[in-house]
Amino acid sequence: SVLGIAVMKGYLSVDDPVGKYLAELDEAHSRVTVRQLLTHTQGTHLNLSREFQVAFNPNRVQEFNSLAFDHEPGTWFAYSQTGAAVLNAVVQRAVGRDFQAFAQDELFTPLGIERDNYFWMRDAAGWTEGYAQLHMRPIDAARFGQFWLEGMGWRGRQFVDPAFAADAVTGTEANPGFGYQFWLNHAPRWVTAGLPQRQEERRPMIASAPQDMAFSFGWR
C-alpha cells in the first residue's frame, strides 16, 4: 500500500529496475523490476537458513544481492521475505525519506493510526522488514482491512491509482493465486509459498470463503 502511494505520487513505477534506486546492487540484481519483487517472480534462490533470520537480519539489500538466480526474472514464483524488504528499501530511496516516516505521514496518520501504537521491525542496517513484523493493535489492523475493501482508499479519498489497486489482486502466469503481496482465492491454480516444499494446487485456498477474497497471511 505504501509503495502504491509512492507510485501515485510519481516517485517510482512498478516497471522500474530496482537498481535505479539501489546503486549498491550488481548488474544482474539491478535489472529485477519492482513488479517482479511485488509478485515474487524475481527468480532468486530461496535460501531458507538466511531467509528466516528474522531477528536483526544483517542487511536485506545485501542479502538480496548475494542470492543466485534459479530462474529468469518474471518467469517463476518463489516466495521471498528478503524481496519484500527490498521493496521498502526502494521506496525509501525513491522518496528520499525514511520508509516508516513516509508510511506514517502518507498512510497511517490519515487512517487514524498513531505512531506510538505500533512497532515495525528493521534489520541491523536499518531497512524496514516487509514480509511481516509490523506489530499493531487489532483495531488499527482493521483499518487496513477497510482501506483495502475501499480499493486502497479511505473516506472518499483515493490513496492509490485504481489500476494499481486492481493489479494488486490480479495473479501472474507464474502464480495465478498471487498478486502484489496478496493471495487470491479465485485462482484456478496457485503455487504455495514452498515451505518446506513447493507445491501447485488446483483448488480454492479457502474453500469456505468467497471466491473473490484477496488476503494477506503469514507469520505474525
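The values are calculated or read from the model by the stated rules, or taken from the named source; none is laboratory data. These figures come from a predicted structure and were not determined experimentally. Positions of Cβ are generated from backbone atoms using ideal geometry, with glycine treated the same way; all protein chains shown enter the neighbour counts. Protein only, heavy atoms only, side chains kept; ligands, DNA and RNA dropped before computing areas. Shrake-Rupley method; radii C 1.70, N 1.55, O 1.52, S 1.80 Å.
Numbers for the structure displayed
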item: Any hit, segment 176-193, residues being surrounded by 12 or more Cβ atoms within 10 Å (Cβ to Cβ), in a loop (DSSP other than H, G, I, E, B) and at positive phi; result: yes
item: Condition broken by GLN53, with the remaining ones in (1) free of Cβ contacts under 8 Å to residues at least 12 places away in the same chain; (2) closer than 25 Å to ALA6 by Cα; (3) not hydrophobic (A, V, I, L, M, F, W, C) satisfied; result: (2)
item: MET152 vs. criteria in contact (Cβ under 8 Å) with a residue 24 or more places away in the chain and either of a type in the set (A, V, I, L, M, F, W, C) or under 19 Å from PHE99 (Cα atoms) (or both); result: yes
item: Residue match in segment 67-82 (condition: open to solvent by less than 10 Å² (accessible area, probe 1.4 Å), outside any helix (DSSP H, G or I) and over 22 Å from TYR180 (Cβ atoms)); result: no
item: Counted residues, segment 170-205 - those being more than 15 Å from the chain's Cα centre (by Cα) and aromatic (Phe, Trp, Tyr); result: 1
